[in-house]
Amino acid sequence: MYKKGYRKELEALEILKKNYAFVTRTPKSSTPIDIIALSKNGIKLIQVKSGSSKISKKELEELKKLKEKLGSGYSVEVWYFEKYKKPRIIEIS
């Protein structure tokens, strides 16, 4: 299962590299953030999910708390990759 998630994280990195000055992933992270993307317009913090994988209540609460602490200028998102589709992006508010 990890390999599939890893491949989707790499796919997300490639999408983000087109519009962001710096993009990195947090490998085998124990945090709710898989990818960090920086640009002059702001910062994106992204959790990537693939296939039928869903975000847990605990992960969602952690992302909400993080967004609350960071405030504006930061976008906290969950990217869902489904088979043969572009990612569905949910912004955490």
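Computed from the coordinates by the stated procedures, all read-outs in this text should not be read as laboratory data. These numbers come from a predicted model, not from an experiment. Backbone-built Cβ (ideal geometry, glycine too); neighbour counts: all protein chains shown.
Counting DSSP beta bridges with both partners in the range 18-91, what percentage is antiparallel, nearest 5? Within the range 18-91, antiparallel bridges account for around 60 percent of the total. Taking L70, L60, L13 in turn, the Gaussian network model of the chain (Cα-Cα springs below 10 Å) assigns the largest fluctuation to L70. All Cα-Cα distances of the chain, cut into 5 Å bins from zero to the largest, leave 3, 14, 26, 27, 20, 9, 2, 0 percent in each bin in turn.
Loop only by DSSP, 13 or fewer other Cβ within 10 Å of the Cβ. Give me the chymotrypsin sites (Phe, Trp or Tyr not before Pro) in the range 1-89 that pass, ordered by residue number. If you can, show how the numbers build up before the last one.
Working: sites: Y2, Y6, Y20, F22, Y74, W79, Y80, F81, Y84; in loops: Y20, Y84.
The qualifying sites are Y84.
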